[in-house]
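Here is the structure we will look at.
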Amino acid sequence: MRAAVVRKFGGPEVLEIIEARTPGAGRGEVLVKVAGASVNFADVLVREGLNVRYGAVAQRGQYGLGADVAGIVAAIGEGVTRFTVGDRVVGTQERLDRDLGTQAEYVLLKDWELAPAPAGTDLVQLAALGLNATTADQALDALALEPGQWLLVTGAAGGVGLYTLELARLRSLRVVAQAGAADEELVREAGAELFVSRDEDLAPAVLALVPGGVDGAIDAANLAAEAADAVRHGGAFVSLLNSAPMARRQVRMTNLAWHTDGERLAKLAAFAGTGLITLRVARTFPLEQIAQAHQTLAGGGLRGRLVLVP
């Protein structure tokens, strides 16, 4: 099978497509024939070696690429009861230090890393769901806001940000979205009630809209203290990039530790299947054009995921 890997660190030019042995499914494992695998910022971290540099993963000779996947079950291992051959599935790989990732013709996942794909959903579109949507949902859980409370979302027009807006609306939260001025209509359609442009001084602008400050903030734009200063005394703050500032005004600070959650993914896939959240794919690429996909990701301005199709 063909698979995307990194064997030395650097720019998009170090990305390789190799021929690899199709793995067999062991106990508790599911072999998936890949329909689509999205390209995320996590892949850039792997490609550049930042995960190794900061001790997140061990040094090894080869790293597979890709965490998100949607496809068809090709084989199941002993003990797997939730899936059978031919099932449509969506999944997210927990670890980023594997020899092979989801950006391949086949990928091996644990059964708990997978969820059923709703009938009628396009598998290539569904490949854009996992990492971003589960991150957004886990961040909202970490805040633990009540219906009617105010939430600030920075980087609201990004992949995680847009899912956060839609999921916050389902929780009956009131949302202030921060994004570029050109994206105001987009984030309002996704669920934002109020809007602050990226060009504005964030905390004063939010405090002018919500006197006293918002009840919680999800910082997807790595603004740290600038976003935390918009949270009320006793509120809550979640950073998606491990940049939560020191505690202030008794604001509860959390650096989100994302993890794969098959049950949560099943819920989110069902939301996508009924249109409660939107699957956004900006562009698809053949697997062989992975370097071009990384170059496109680096160019920014995307309002949806890039998906590789084997």
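Just a few scattered comments:
- Recomputing Cα Rg over 2.2 N^0.38 Å from the coordinates shown identifies the correct label among [x] 1.26; [y] 1.00; [z] 0.95 as [y].
- Taking 0.36 nm per residue of separation and subtracting the Cα-Cα distance, full extension of the segment from Lys267 to Arg303 would add 10.7 nm.
- Per-peptide packing, taken as the mean over residues of other Cβ atoms within 10 Å, places 12-20, 143-151, 66-74, 104-112 in the sequence 66-74, 104-112, 143-151, 12-20 from highest down.
- Theoretical FRET efficiency, 1/(1+(r/R0)^6), r = Cβ-Cβ of Asp97 and Asn255, R0 25 Å, to 0.05: 0.80
- Restricting the range 1-71 to chymotrypsin sites (Phe, Trp or Tyr not before Pro) that sit in a DSSP loop and have at most 16 other Cβ atoms within 10 Å of their own Cβ leaves Phe9, Tyr54.
- Ranking Gly77, Thr121, Gly101 by Cα position along the charge dipole of the range 52-132, where only Lys, Arg, Asp and Glu carry charges on their C-beta atoms, puts Gly101 farthest toward the positive end.
- In the chain, the DSSP-assigned H stretches of four residues or longer account for a calculated mean residue ellipticity at 222 nm of -7500 deg cm²/dmol, using -39500 (n - 2.57) per stretch and the full residue count as denominator.
- Within the chain, percent of DSSP bridges classed antiparallel, to nearest 5: 55
- Over the range 132-255, relative contact order from alpha-carbon pairs under 8 Å, at least 6 apart, %: 22
- The range 132-255, Cα convex hull volume normalised per residue, Å³: 81
- Exposure proxy order (Cβ contacts within 10 Å, fewest to most) of Leu287, Leu241: Leu241, Leu287
- Global form of the range 149-212, assessed from the alpha-carbon gyration tensor, a/c cut-off 1.5: oblate
- In plain terms, the chain from Met1 to Gln289 could stretch by 102.1 nm, reckoned as 0.36 nm per residue minus the Cα-Cα distance.
- Distance from the C-alpha centroid of the range 97-161 to that of the range 1-52: 18 Å, rounded to the whole angstrom.
- Reachable lysines from Lys110, criterion Cα separation under 19 angstrom, eight or more residues apart if same chain: Lys33, Lys267
- Rounded to the nearest whole angstrom, the semi-axes of the ellipsoid equivalent to the range 108-165, taken from the Cα gyration tensor as √(5λ), stand at 25, 14, 11, largest first.
- In loop segments of the range 256-310 as defined by DSSP, the trypsin sites (Lys or Arg not before Pro) with at most 16 further C-beta atoms inside 10 Å of their C-beta are Arg303.
- Only aspartates and glutamates eight or more places from Lys8 in sequence, or on another chain, were considered; those with a Cα closer than 12 Å are Glu16, Glu48.
- Using 0.36 nm per residue and subtracting the Cα-Cα separation, the extra length available between Arg21 and Glu146 on full extension is 40.0 nm.
- Loop-located trypsin sites (Lys or Arg not before Pro) in the range 62-102, at most 16 other Cβ atoms within 10 Å (DSSP): Arg82, Arg95
Values in this text are rule-based calculations from the coordinates and carry no lab data. Only a predicted model underlies this, so the values are computations on that prediction, with no experimental measurement involved. Reconstructed Cβ throughout: ideal geometry from the backbone, glycine too, with neighbour counts over all protein chains shown.
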